[in-house]
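Structure first, commentary second.
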Amino acid sequence: MTDLETAKQIAQLVEAQGGCAYFVGGCVRDKLLGCPCKDIDIEIHGIPGEKLRELLGEVGTVLEHGRSFGVYGLAGRGLDISLPRDDNGCEAHNIGTFEAARRRDLTLNSIMENVLTGQLTDRFGGREDIERKLLRRVDDDTFASDPLRVFRTAQLAARYGFSVEEETLDLCRKIDVSQLAGERVMGEISKALLRSE
């Protein structure tokens, strides 16, 4: 079974419990850009974490990629499965797509794709920004909550040849990045160097 087939199986189990599964982040962005994507992120809405873990156990061996982050995987699969988080980083399975997308870094990463139907939910104009080749922050407060987003914005600009919106650049200049762990910064710099022209 492929990762996409596994994703659909999970989405069907979630839907049977009244929830909904969305592809999120880079896998949606890269699909819209026509680029290959090896990392598949799925966000589950409408069911609590305990229920999600139980459902994932029906599909395979559940892996926890850090209990504090609430990100799960399945042994032998390249999937990251999570619940939306609130402003405090707590699981918020009923937060809704608008609030979940608001917590993303850039508009092109805030687009969600229903795993079963393929329908896109684009609350912040990400598709239009992709067409304009523009990187634009979703929300000042949520963007600034993770200083690594400064480096992620730079590496995405390098990788895709996009420009950065002036207000987003101004915000990046104000964010203190001095406390970031070196390996996190190097991860973004490596992507910029190895995946861009």
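Values as computed for the structure displayed
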| item | result |
| --- | --- |
| Listed residue pairs exceeding 21 Å between alpha carbons, taken from Lys133/Lys174; Lys31/Lys133; Lys31/Lys174; Lys38/Lys174; Lys8/Lys133 | Lys133/Lys174; Lys31/Lys174; Lys38/Lys174; Lys8/Lys133 |
| Cβ crowding within 10 Å averaged over residues, with 70-81, 31-42, 149-160 ranked highest first | 149-160, 70-81, 31-42 |
| Taking the range 75-165 and dividing mean pair separation by its residue count, relative contact order in percent (alpha carbons under 8 Å, at least six apart) | 23 percent |
| Fraction of the pair-distance distribution of the range 54-97 above 14 Å, Cα-Cα pairs, percent | 51 percent |
| The range 150-184-the range 34-108 distance, computed between alpha-carbon centres (Å) | 24 Å |
| Measure of compaction for the range 61-161 (Cα Rg per 2.2 N^0.38 Å) | 1.15 |
| Reciprocal of mean inverse Cα separation for the chain (Kirkwood radius, Å) | 17.4 Å |
| Solvent-accessible surface (1.4 angstrom probe) belonging to His65, in square angstrom, nearest 10 | 90 Å² |
| Highest average packing first - 90-103, 179-192, Cβ atoms within 10 Å | 90-103, 179-192 |
| Mean separation of Cα contacts under 8 Å (6+ apart) over length of the range 1-55, as relative contact order % | 36 percent |
| Dimensionless Rg over Rh [the range 8-125; C-alpha; Kirkwood] | 0.93 |
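The values are calculated or read from the model by the stated rules, or taken from the named source; none is laboratory data. Computed from a prediction, not measured in an experiment: that's the story for all the values here. Because the Cβ atoms are built from the backbone with ideal geometry, glycine has one as well, and the counts that use them run over all protein chains shown. Ligands, DNA and RNA are excluded from the accessible area calculation, which covers all protein heavy atoms including side chains. Shrake-Rupley method; radii C 1.70, N 1.55, O 1.52, S 1.80 Å.
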